[in-house]
1. Just in the chain: which GluC sites (Glu not before Pro) are loop by DSSP and have at most 12 other Cβ atoms within 10 Å?
2. Placing unit charges on C-beta atoms (Lys and Arg positive, Asp and Glu negative, everything else neutral), compute the dipole magnitude of the chain about its Cα centre in debye, rounded to 20.
3. With viscosity set to 0.890 mPa s and temperature to 25 °C, compute the Stokes-Einstein D of segment 3-63, Rh being the Kirkwood radius across alpha carbon pairs; µm²/s, no decimals.
4. Return the lysines within reach of K13: Cα separation strictly under 26 angstrom, same-chain partners fewer than 8 residues apart disregarded; answer none if there are no such residues.
5. Gain in length, S49 to E31, computed as 0.36 nm per residue apart minus the alpha-carbon separation, to one decimal in nm?
6. Return one number: the angle in degrees, 0 to 90 and rounded to the nearest 10, between the long axis of the Cα atoms of helix 31-63 and the longest principal axis of the Cα atoms of the chain.
Amino acid sequence: MSEVASCPTCGSKSKIKEREGKITYEAVQDEEAFKKIGQLKKAMEKFKSKAEALEEELRELKSS
């Protein structure tokens with residue numbers, strides 16, 4: 001998922017992308033889209049933590 005930050009040139013909310021060592025900023029035009037990006041990032045973090053907990057539980061079950 002893209003990282004969102006303020007563009008250093010224009011100050012707008014932007015998605016940060018890195019290609020071949022060069023950082024590019026792509027403006028997020030719609031405030032509603034910016035909110036959705038934040039919600040998706042939070043949802044992905046919750047999913048990631050649940051997946052990590054399940055992986056740990058699986059390792060414990062395999063070791064016993």
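Each value in this text was obtained by applying a stated rule to the coordinates, not by laboratory testing. Here the structure is a predicted model, which is why all the values come from computation and not from measurement. For neighbour counting, all protein chains shown are included, and Cβ atoms are generated from backbone atoms with ideal geometry for every residue, glycine included.
1. On the way: sites: E3, E18, E20, E26, E31, E32, E45, E52, E55, E56, E57, E60; in loops: E20.
Hits after loop and neighbour filter: E20.
2. Details: 14 positive and 13 negative charges, 21 e Å.
I would put it at about 100 debye.
3. Details: Rh = 14.0 Å.
Reported coefficient: 175 µm²/s.
4. Here the lysines satisfying the reach criterion relative to K13 are K22, K35, K36, K41, K42, K46, K48.
5. Values: separation 18, 0.36 × 18 = 6.48 nm, distance 2.76 nm.
So the extension gain works out to 3.7 nm.
6. Once rounded, the angle reads 20 degrees.
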